[in-house]
Structure formats: C-alpha cells, structure tokens
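Notes follow once the structure below has been shown.
The values are calculated or read from the model by the stated rules, or taken from the named source; none is laboratory data. Source: prediction; values computed, not measured. Cβ placement follows ideal geometry from the backbone for every residue including glycine, while neighbour counts extend to all protein chains displayed. Heavy atoms of the whole protein, side chains included, go into the accessibility calculation; ligands, DNA and RNA do not. Shrake-Rupley method; radii C 1.70, N 1.55, O 1.52, S 1.80 Å.
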Amino acid sequence: MRSAEEINFAMEAYADMVRRICFVHLKNRDDTEDVFQNVYMKYMLYEGSFESYEHEKAWFAKVTINACTDWLRYFSRRKWVPLEVISEEKEGIDDRSGEILEVVLQLPEKYRNVIYLHYYEGYSAVEIAGILGRKENTIYTWLARAKELLRERLGGEWV
C-alpha cells in the first residue's frame, strides 16, 4: 500500500488530468467523481513501481481510460447524455472552447481518446500508442481522421 506522501503527490500531480479524462468519457460529474475515486484506490493498492514521472503519468492515463470504459460497460443504461447536461457542467469555459468541447465529446471513443491525450495532455503519437496498446501508425491514422471530423463539424476552423 502506498504512503500518504505518495498519494498526496499523485493527487497534486494527476488529479486534474484524471478528472478531465473521466469527464471526456463519462460526460457526467457524478460518474466522474466515482471513477476518480476508483482510480486513486487502484493507485493506493498498486504495489508496482514506476520508472519515472512520465511512466507514472501514463499509468494514470491508461488506468483512467480503462476504468471509464469499465464504468460505461457496467452502466450501459447511461450510454447517452443530452448535450444540455454537458453544457450545464462546462461552466467557466468560453463560447469557442465550449463549442469545440461539444464536438470533441461527440467523436467516437477512439478518436476522443487520441485527441484528448494529444492536445490536452501533450502526448506524442508514440506515447499514445504505448498508453492505449495500439500500433503507432494506428494512432497517426486516428489523429488524422479525428482532425478531419473536427474540421468538418466546425466548418474548417479547427486545425
């Protein structure tokens, strides 16, 4: 079991990323908080070690994505959330960012994941391939397709 210092460090370092990944997948604050707690419970009980800060961050990203996927499978009755609910929960975001967020949330899960990890967390395609357990060229293809979908849906204004 991890020490209180390790858990506090992880909370300070990764809490925002974990919450954002959860929200992008679950589109609901309550579910986001539940999965957030599950991810940190897994971390607390994880007995392995990490090679570096980046390795630990990638572990959190992968575990969070997997936890969200499991949550959605378990609660399959909650597949669809009206965009009005998302709009209410994205208070404090400017209009343009809110529009982009809505379009990103409508993307298929595989595209949503790569867009989030690449643009919001700053991972390269090689790093994303490692996190998602996919081939590097698959990630490049998904990024290209996701960007094209975003261009179409946002009227060519997004690059």
Inspect the stretch 110-120 for any residue being under 24 Å from Glu148 (Cα atoms), modelled with pLDDT under 85 and open to solvent by 30 Å² or more (accessible area, probe 1.4 Å) and give the result as yes or no. yes
Scan the stretch 12-31 and tell me whether some residue there is closer than 30 Å to Glu102 by Cβ, surrounded by 14 or more Cβ atoms within 10 Å (Cβ to Cβ) and of a type in the set (Asp, Glu). yes
Of residues in the stretch 48-73 being over 22 Å from Ser124 (Cα atoms) and free of Cβ contacts under 8 Å to residues at least 12 places away in the same chain, the one surrounded by the fewest Cβ atoms within 10 Å (Cβ to Cβ): Gly48
Only helices (runs of 4 or more DSSP H) wholly contained in the stretch 19-93 count here; list those with 1 or more residues that are of a type in the set (Phe, Trp, Tyr), more than 12 Å from the chain's Cα centre (by Cα) and modelled with pLDDT under 95. 53-74
